[in-house]
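The values are calculated or read from the model by the stated rules, or taken from the named source; none is laboratory data. Computed from a predicted structure; not experimentally measured. Cβ placement follows ideal geometry from the backbone for every residue including glycine, while neighbour counts extend to all protein chains displayed.
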């Protein structure tokens, strides 16, 4: 049934393209905020390899982007900071026909603490964030996966350090969540670079993308969430430039793509985990 729906949906999209609804020279990529750095590098390299192609990048939380795809916005490639968003929201949605049939898990990430260049507060461990006068920035918002990941990361690190369990709440209260004003990944980096915050909790890839503006404090693998943070890509059935989108994912999974991921704080998954009816053009 899912295959029939996808086939029908894809046929409709192809008819739309034939009627002039798409531009073959453009590729629309939706990506999670945490993938901004890697996607800028991939965009530049892919445009160089594919003469005449313009890659347009749109970033937000993975959940927000999935909602926009379901609402009908054009997206040729969707790169999510969690495979589950693609699987649950696009491949087997509860209230919509499926708009994706496969995904490729291509890289990992981890949570880190960032501070201004030179680490003026001399932060060396998670418990240091509990200092009375320290100003903290962290991701908040119920549609951002980094919100819970940050909370879990703080708790794990404090436990490893043997700190008082009550410190976790003390640290979180320094940057309370406001449902009306969610804080995304880029805002955490901006707060630290501008001096509005002394430290921030964010993805390694976001810290690497910030380049010279921040110092990064990394934590052991058993607490930094790297075993659960995985990035995945798909080409929605509604893609208006599906062939070029599949070529982009193929490039993402290639040796050159993996080198870009590694350089931008996203250790590639080798071999990638391929789930569902992955096209031959991607394999």
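Can you find even one residue in the stretch 240-251 that is more than 18 Å from residue 37 (Cβ to Cβ) and in a loop (DSSP other than H, G, I, E, B)? Yes, that holds for at least one residue.
Checking each residue in the stretch 69-84 for being touching a strand residue (DSSP E or B) at 6+ places or on another chain (Cβ under 8 Å), assigned to a helix (DSSP H, G or I) and farther than 18 Å from residue 36 by Cα picks out only 69. Take the conditions at positive phi and more than 20 Å from the chain's Cα centre (by Cα) and apply them to residue 195. Does it pass? Yes, satisfied.
The residues listed here are 99, 113, 185; of these, the one that is more than 24 Å from residue 223 (Cβ to Cβ) and surrounded by 22 or more Cβ atoms within 10 Å (Cβ to Cβ) is 99. Inspection of the stretch 110-118 finds a residue satisfying the criterion of being out of contact with any helix residue (DSSP H, G or I) (no Cβ under 6 Å at 6 or more places or on another chain) and part of a loop (DSSP other than H, G, I, E, B). Residues that are over 18 Å from the mean Cα position of the chain (by Cα), closer than 29 Å to residue 258 by Cβ and modelled with pLDDT of 95 or more: does the stretch 74-84 have at least one? Scanning the stretch 74-84 turns up at least one residue that is over 18 Å from the mean Cα position of the chain (by Cα), closer than 29 Å to residue 258 by Cβ and modelled with pLDDT of 95 or more. Answer yes or no as to whether residue 192 is in a helix (DSSP H, G or I) and crowded, with 24+ Cβ neighbours inside 10 Å. Yes: the conditions hold for residue 192. The single condition among (1) at pLDDT 95 or above; (2) crowded, with 18+ Cβ neighbours inside 10 Å; (3) not in a helix (DSSP H, G or I) that residue 258 does not satisfy is (3).
Kindly provide the set of residues from the stretch 201-224 that are closer than 30 Å to residue 93 by Cβ and surrounded by fewer than 22 Cβ atoms within 10 Å (Cβ to Cβ), ordered by number. Matches in the stretch 201-224: none.
For the stretch 168-182, filtering for residues that are surrounded by fewer than 18 Cβ atoms within 10 Å (Cβ to Cβ), touching a residue at least 12 places away in the same chain (Cβ under 8 Å) and not in a loop (DSSP other than H, G, I, E, B) leaves 1.
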